[in-house]
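Take a look at the structure set out below.
Throughout, read-outs are computed from the coordinates displayed, never taken from laboratory work. Quantities reported herein were computed from a predicted structural model and do not represent experimental measurements. Glycine also receives a Cβ, built like all others from the backbone with ideal geometry; neighbour counts cover every protein chain displayed.
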Amino acid sequence: MVAFFNACSPEDGQIFSPYSPTESRYVLPYPIGTAYTCMQSWNGPYSHQDVFYYSVDFSMPVGTVVTASREGTVFYYYDSFYDNDATEGHENILIISHGDSTYSRYIHLTYHGVRVKTGSYVHRGDTLGYSGKSGTPIAHLHFDVTKVCYNRDCQTIPFLFCNTGDQPFGPKTGYEYQAWPYK
Ligand SMILES: [Zn+2]
């Protein structure tokens, strides 16, 4: 028997509050059963300050499968920077629009690592592409949720992951989060 974690249902919940752990519909951005360590969370001193305050970095090797954290439409992507290019601003990025004026962003993806097309609809858990180390010296996935924004420095907003252990004040730096099955 597989125990499902029901805090994630329903997928297209009309009631959605990114501020509430019991209503949050974000699942971890990697496949069920896998686990990665949060190497920098909210208010992280290295790069999660100011508009980037509510961001999470997961340590993962280049080429790790990245999956959709929340359903939505592929809004934009760029994946032509190289993985050995640590220049700030050279981050490969994929942005999903959730239709409620919020967007989630998957950053530092690998070179030509995006596997979805602009305008296509993705469900939670669908493969989006592969992680990398573009625009950073350390291989990891940066994930955040933003308001409407058309540049790099977008205001991030709080969110919690519903298919893993509690995060009362957001994911914690140094903790590993396993992606649990969900409905
Ligand atoms: Zn980050």
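Where both residues lie in the chain, what percent of DSSP beta bridges are antiparallel, nearest 5?
Numbers: 35 of 38 bridges.
So the antiparallel bridges in the chain amount to around 90 percent.
Computed 3J(HN,Hα) for region 131-145, one whole-Hz value per residue from the Karplus formula 6.51 cos²θ - 1.76 cosθ + 1.60 where θ = phi - 60°, is 5, x, 9, 6, x, 7, x, 10, 5, 6, 10, 9, 10, 8, 10, glycine and proline marked x. Comparing mean-square fluctuations of 43, 92, 151 from a GNM of the chain with C-alpha springs under 10 Å, the top value falls on 151. Spin-label pair residue 151-residue 90: with each label point 7 Å from Cα along the Cα-Cβ axis, the two points sit 2.2 nm from one another. If the elastic network links every pair of Cα atoms under 10 Å, which of 117, 172, 133 fluctuates the most in the Gaussian network model of the chain? Looking only at 117, 172, 133, the largest GNM fluctuation is found for 117. Using the Cβ of residue 48 as centre and a radius below 12 Å, the other residues enclosed give a net charge of -3, where K and R count +1 and D and E count -1.
Counting Lys +1, Arg +1, Asp -1, Glu -1, what net charge surrounds residue 107 among other residues with beta carbon under 12 Å of its beta carbon? Could the numbers behind the result be given before it?
On the way: positive: 105, 133, 152; negative: 57, 79, 88, 91, 144.
Spelling it out: positives minus negatives among the neighbours equals -2.
Spin-label model, residue 80 to residue 169: label points 7 Å out along the Cα-to-beta-carbon direction sit 4.4 nm apart.
Does the chain come out rounded, prolate or oblate by the C-alpha gyration tensor, with a ≥ b ≥ c the root eigenvalues, rounded set by a/c under 1.5 and, if not, prolate when a/b is larger than b/c and oblate if not?
Since a/c stays below 1.5, the shape of the chain is classed as rounded.
Can you find, among 160, 104, 8, the residue sitting farthest towards the positive end of the charge dipole of the chain, where Lys and Arg contribute +1 and Asp and Glu -1 at Cβ? Looking along the dipole axis, the top candidate is 8. Specify the residue with the greatest mean-square fluctuation among 137, 29, 158, computed from a Gaussian network of the chain linking alpha-carbon atoms under 10 Å apart. Looking only at 137, 29, 158, the largest GNM fluctuation is found for 137. 3J(HN,Hα) couplings calculated from phi for region 105-119 with the Karplus curve 6.51 cos²θ - 1.76 cosθ + 1.60 (θ = phi - 60°) are, in sequence order, 10, 10, 10, 6, 4, 6, 4, 6, x, 7, 10, 10, 10, 4, x Hz; Gly and Pro show x. Measuring from each cysteine beta-carbon in the chain, the ones with no other cysteine beta-carbon under 4.7 angstrom are 38.
Rounded to the nearest Hz, the phi-derived 3J(HN,Hα) couplings of region 72-87 under the Karplus curve 6.51 cos²θ - 1.76 cosθ + 1.60 (θ = phi - 60°) are x, 10, 5, 8, 6, 8, 9, 9, 9, 7, 7, 6, 9, 9, 8, 4, where x marks glycine and proline.
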